[in-house]
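The structure under discussion appears below in the form of structure tokens.
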Amino acid sequence: MNMSTNLNKSSSTILGVGSYLPSRVVDNSELSKRVETSDEWITSRTGIKERRVAEKNEATSDLAVKASQKALDDAGISPEDIDLIVVATITPDMAFPSTACLLQHKLGIPKVASFDIEAACSGFLYALDIADGMLSSGRYKCALVVGAEKLSSIMDWEDRTTCVLFGDGAGAAVISSSGEGPQLIGFNSGADGSNPKLLHQPAGGSLEPASMESLENRGHFLKMNGREIFKSAVRVMGSAARELLAENGFSNKDIDHVIPHQANARIVESLSQRLEIPLDKFFCNLDKYGNTSAASIPVAFDEARKASIFKKGELGLFVAFGAGLTWSAVLARF
Ligand code: UT7
């Protein structure tokens, strides 16, 4: 695969981080009552023990509001200080308007540029990359960057090969061109659209609009070739991370912490081997939340920060892959 992608340098500061997980816990034993599966299978193949599921009347923007409010509080700033909102999601409240616009209104943020991006599980890192570029232009000063998903709304709860893997949640960061905090120092985002059906939601778009037939075919649910995604995930995350390190003059030995996309403990183990970075440097919370797509990295980052695992001056690597295929790696100096 040609990994020639968008490598660049950055100087934005992370002023604050926040996350929100719905309160309803669905553990493996509850799922094993719905589909033919077991706690033993799910745990040994994925490392996931439980996931969170939002209430029926709770939309992605509601999860995003709660995570964003915490990020604003953590940053010690008010909604008036935000002049850009970027939301990464594959489960927007509706096709349009964007979830970012809904968030802008719900949070009482001034009428600033607000839009969604869609890069699946790489979405939050893509959104950071985009927001950082916009801050670098000098035309924006302080961005709210959010990864939020209500994946339970596109799960086929009769398909054991997917419904055991995913969960709902939201994470947010406030980044600025000035101020104190972890510095974003490099990005490497890329995509390969040659095999879109590896992981997709076939119906509901312009190719296959909603119809009685699309409903009968369960086309509005997420479909995935898990085995192929697994192999690609390890390969593209490994390449993206290695390229980014080399571009910025670092080696794998310089990395103190890795915050990987939280999809599967076996993917994280394989990535650790491929990058030759010890597994104990990888932060994982997928046992509690499963794969929350665009929310996965900011939720993990928020938990890791709260657990005080980062020391000032340490080097962190964020790395994700997702439907597309997309991938993204980001370096930060804590
Ligand atoms: O953010 C990107 C999102 N996607 C991913 O990260 C997915 C990446 N892929 C994976 O994590 C793994 O491939 C899975 C967890 C999805 C599957 O693990 P695997 O070790 O690749 O299993 P498999 O697909 O090769 O399936 C092995 C067997 C199959 O049975 P047969 O054909 O060997 O008889 C499946 O039907 O396991 C069966 N199976 C299950 N059994 C019990 C699949 N799902 C389940 C289940 N419970 N939930």
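Side notes on the structure shown:
- GNM remark for the chain: springs join alpha carbons under 10 Å apart, and the peak mean-square fluctuation among Ser19, Ser152, Ser211 falls on Ser211.
- Carbon and sulfur %, accessible surface of the range 39-167 computed with the full protein complex present, 1.4 Å: 54
- For the range 202-259, the share of alpha carbon pairs falling in successive 10 Å distance bins from zero is 19, 26, 20, 18, 14, 2 percent.
- Cα-centre dipole for the range 54-126 with unit charges at Cβ (Lys and Arg positive, Asp and Glu negative), debye to 20: 100
- Accessible area (Å², per residue) of the range 19-92, counting only protein heavy atoms and a probe of 1.4 Å: 45
- Cα coordinate range in the chain, projected on the principal axes (Å, largest first): 52, 46, 37
- Stokes-Einstein D for the range 62-192, Kirkwood Rh over Cα pairs, 37 °C, 0.692 mPa s (µm²/s): 215
- Counting only protein chain heavy atoms and rolling a 1.4 Å probe, the accessible areas of His261, His105 rank, largest first, as His105, His261.
- Placing +1 on the Cβ of every Lys and Arg and -1 on the Cβ of every Asp and Glu, with nothing else charged, gives the chain a dipole about its Cα centre of roughly 440 debye.
- Taking 0.36 nm per residue of sequence separation and removing the Cα-Cα distance, the Ser23/Leu215 pair yields an extension gain of 66.2 nm.
- The charge dipole of the range 197-334, taken about its Cα centre with unit charges on the Cβ atoms of Lys, Arg (+1), Asp and Glu (-1) only, comes to about 220 debye.
- Gyration tensor analysis over the Cα atoms of the range 8-52 returns equivalent ellipsoid semi-axes of 35, 15, 7 Å (largest first, whole Å).
- Cleavage-rule hits, GluC sites (Glu not before Pro), the range 124-193, DSSP coil, Cβ neighbours within 10 Å at most 12: Glu158, Glu180
- Within the accessible area of the range 217-334, the carbon and sulfur atoms contribute 49%, probe 1.4 Å, all protein chains present.
- Averaged over its residues, the range 129-283 has an accessible area of 44 Å² per residue, based on protein heavy atoms and a 1.4 Å probe.
- Span-rule helices in the chain, defined as complete DSSP H runs reaching 18 Å or more along the axis (Cα) with Kyte mean at least -0.5: 60-75, 123-136, 226-247
- Residues whose placed amide H lies under 5 Å from that of Ser114, excluding near-sequence neighbours: Ile85
- Using 0.36 nm per residue and subtracting the Cα-Cα separation, the extra length available between Ala113 and Glu269 on full extension is 52.2 nm.
The values are calculated or read from the model by the stated rules, or taken from the named source; none is laboratory data. No experiment lies behind these values; they were computed from the predicted model shown. Counting neighbours? That spans all protein chains shown, and the Cβs are built from the backbone with ideal geometry, glycine included. Just so you know, the surface numbers come from the protein's heavy atoms only, side chains and all, with ligands and any DNA or RNA stripped out. Shrake-Rupley method; radii C 1.70, N 1.55, O 1.52, S 1.80 Å.
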